[in-house]
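Below you'll find the structure, written out as structure tokens, and then a few comments.
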Amino acid sequence: MQMGEELFSGKAKSVYRTDDPELCILRFRDDTSAFDGEKIEQLADKGKVNNIFNAHIMALLASEGVPTHFVKRLSDTDSLVRKLDMIPVECVVRNYAAGSLCKRYGIEEGISIEPPTFEFFLKNDELHDPMINDSHIISFGWAKPEHIEEMKTLTIKVNSILRQFFLESGMLLVDYKLEFGLSNGELILGDEFSPDGCRIWDKTTRNKMDKDRFRQGLGNVIETYKEVAQRLGIDLN
């Protein structure tokens, strides 16, 4: 597979053309950012860890009937993925109260949320990813009504799969975000699933095992990512 020109470069990943117009190469970099790019650092091995972690999770979800853009892992930092027309919306599920939910509503951090909440956010760093609803998405043409319902259904399905997967390894999947895109009219899970895009706590101690370690200056960020992978049975070699 021949790598071509760079199509897109985000805060932590880059996307490249290939010699197949239907496929792209997704490269995970060591760049780490928080607070809409206000805090930026390079963390050794982050790209490798997140790439391998994501490959494992995407394969698991595909085996459970969730359509994903992931095709195969090419190297420590690169994966082959289907080219998607991304929908500029983030789908967020919260199983426990944390982060912006607590700030917005004065909810105590750590309480269990039953049933889990589902929220849409506009993917726009300059606007700080504002919360939106179905009406906004339809009125401004970000997605069709049928795609909205399908995003909800698939996001909740992912929750039922991964919440149990983490729990069996002694961890709580606190919350996470998913992004979807279209390929020939089919809605497909895109982007990534790694400790960068979700919150994970140890079930017993409630120690944070995700990107909050970077946001809050807790240290041992990649070492903790590696521990999460090890507990889940993900081979990082």
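The values are calculated or read from the model by the stated rules, or taken from the named source; none is laboratory data. Given the structure is predicted, the values throughout are model-derived calculations rather than measurements. Note that we place each Cβ from the backbone using ideal geometry, even for glycine, and neighbour counts take in every protein chain shown.
Points to keep in mind about this one:
- Single condition residue 155 does not satisfy, out of (1) over 21 Å from residue 43 (Cβ atoms); (2) in a loop (DSSP other than H, G, I, E, B); (3) polar (S, T, N, Q): (2)
- Counting only strands (runs of 3 or more DSSP E) that fall entirely inside region 162-237 and contain at least 3 residues that are within 27 Å of residue 41 (Cβ to Cβ) and modelled with pLDDT of 95 or more, the qualifying elements are 171-183, 198-202.
- Residues of region 100-128 that turn out to be over 22 Å from residue 149 (Cβ atoms) and in a loop (DSSP other than H, G, I, E, B), as a count: 8
- Of the strands (runs of 3 or more DSSP E) lying entirely inside region 1-52, those containing at least 1 residues that are surrounded by 13 or more Cβ atoms within 10 Å (Cβ to Cβ) are 3-9, 13-18, 23-28, 31-34.
- Look at region 181-202: where a residue is among the basic types (Lys, Arg) and a partner is in a loop (DSSP other than H, G, I, E, B), sitting 6+ places away or on another chain with Cβ atoms under 9 Å, you get 199/98; 199/99; 199/209; 199/210; 199/211.
- For region 84-107, the set of residues classified as touching a residue at least 24 places away in the same chain (Cβ under 8 Å) and surrounded by fewer than 18 Cβ atoms within 10 Å (Cβ to Cβ) consists of 85, 86, 88, 99, listed by residue number.
- Filtering region 166-206 to residues that are aliphatic (A, V, I, L, M) and in contact with a Lys or Arg (Cβ under 8 Å, 6 or more places away or on another chain) leaves 167, 171, 172, 173, 174, 188, 200.
- Options 215, 231: the member that is closer than 21 Å to residue 30 by Cβ and of a type in the set (Lys, Arg): 215
- Number of the condition not met by residue 118 [criteria: (1) touching a helix residue (DSSP H, G or I) at 6+ places or on another chain (Cβ under 8 Å); (2) surrounded by 15 or more Cβ atoms within 10 Å (Cβ to Cβ); (3) not β-branched (Val, Ile, Thr)]: (2)
- Test: residue 157 is out of contact with any Phe, Trp or Tyr (no Cβ under 9 Å at 6 or more places or on another chain) and outside the structural domain of residue 70 (by TED's automatic domain parsing): yes
- Failed item in (1) surrounded by 15 or more Cβ atoms within 10 Å (Cβ to Cβ); (2) in a strand (DSSP E or B); (3) not hydrophobic (A, V, I, L, M, F, W, C), with residue 72 passing the rest: (1)
- Filtering region 129-150 to residues that are part of a loop (DSSP other than H, G, I, E, B) and under 19 Å from residue 178 (Cβ atoms) leaves 129, 130, 133, 142, 143, 144.
- Pairs where the first residue, in region 27-53, is free of Cβ contacts under 8 Å to residues at least 24 places away in the same chain and the second is loosely packed, with under 13 Cβ neighbours inside 10 Å, C-beta under 7 Å, 6+ apart: 30/42; 30/44; 31/40; 31/42; 33/39; 33/40
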